[in-house]
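Just below is one structure, and these are the notes that go with it.
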Ligand SMILES: CC(C)(COP(=O)(O)OP(=O)(O)OC[C@H]1O[C@@H](n2cnc3c(N)ncnc32)[C@H](O)[C@@H]1OP(=O)(O)O)[C@@H](O)C(=O)NCCC(=O)NCCS
């Protein structure tokens, strides 16, 4: 997926992105404090946690800011001076991070494409998004996954800023701005403007949201 991001022009300006995949041995990438934190988690969460922290370690190495990435509740706590976000799905983990002081928060999310039933649009989408989906020809599973993923990315960035969103419909994706994929553009939620983007790869949808100063 890293290659797919590079082909699309790379991650948002000022950020770095790191991935890990289930076939990699990521154990050694973890900081001892991350290993201790992982040991406190339910067994069912540990593989995802390890892959996510290993993806974060790749970002932190490139940023020259060593970990650990611990947690405040479920929210990842990056080292001072770093803002970042983590997502994992189906054996792949991704981290988006930045040290640029003009980046206040980031959110990243990865979802399997084409798994949401069309009926989920009623739960997730605003009226404008549903109208946009209805105008798409053929299977809208990818677009629905993209809308859902972008809302999750935006939610994560907003959480990092202490902004609480009450429901998926409070975040309206930039469906008016592009013909193809409804995730590139900007979204404003509760006064916070988020630059948004992402891409579709073989089986997944990757999205991000970036709040700049
Ligand atoms: C928190 C949430 C976004 C996680 O998404 P997910 O698809 O279940 O899981 P992902 O793999 O994409 O992300 C998990 C990672 O997100 C991070 N995370 C968890 N809660 C977070 C939060 N509130 N804010 C930012 N990041 C968070 C963590 O790093 C976590 O990984 P870790 O536990 O290994 O550290 C999701 O469970 C959720 O609550 N969504 C919001 C639902 C909602 O109310 N939506 C309405 C507005 S969109």
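Worth a mention:
- Net length available on complete extension from residue 165 to residue 202 is 10.3 nm, with 0.36 nm assigned per residue and the Cα-Cα distance removed.
- Computed from the alpha carbon atoms alone, the convex hull of the chain holds 124 Å³ per residue.
- Fully extending the segment from residue 127 to residue 90, taken as 0.36 nm per residue of separation minus the present Cα-Cα distance, adds 10.3 nm.
- Sequence-separation-based contact order of the chain, relative, with Cα cut under 8 Å and 6+ spacing, percent: 19 percent
- Dividing the helix sum by the residues of the chain, where each DSSP H run of 4 or more adds -39500 (n - 2.57), gives a mean residue ellipticity at 222 nm of -9500 deg cm²/dmol.
- Sorted by Cβ neighbour density within 10 Å, fewest at the top, the residues 86, 103: 103, 86
- Remark on region 2-101: ratio of C-alpha radius of gyration to 2.2 N^0.38 Å is 1.02.
- Reducing region 153-213 and region 12-88 to their Cα centroids gives an inter-centroid distance of 22 Å.
- Quarter of Cα convex hull surface for region 75-135, i.e. mean projection, nm²: 6.3 nm²
- Rg/Rh for region 149-213, where both radii come from Cα atoms and Rh is the Kirkwood radius: 0.96
The numbers here are math on the coordinates, done by the rules we state, and not lab data. For clarity, every value in this text was computed on a predicted model and none was experimentally measured. In this analysis, Cβ positions are derived from the backbone assuming ideal geometry, glycine residues included, and neighbour counts consider all displayed protein chains.
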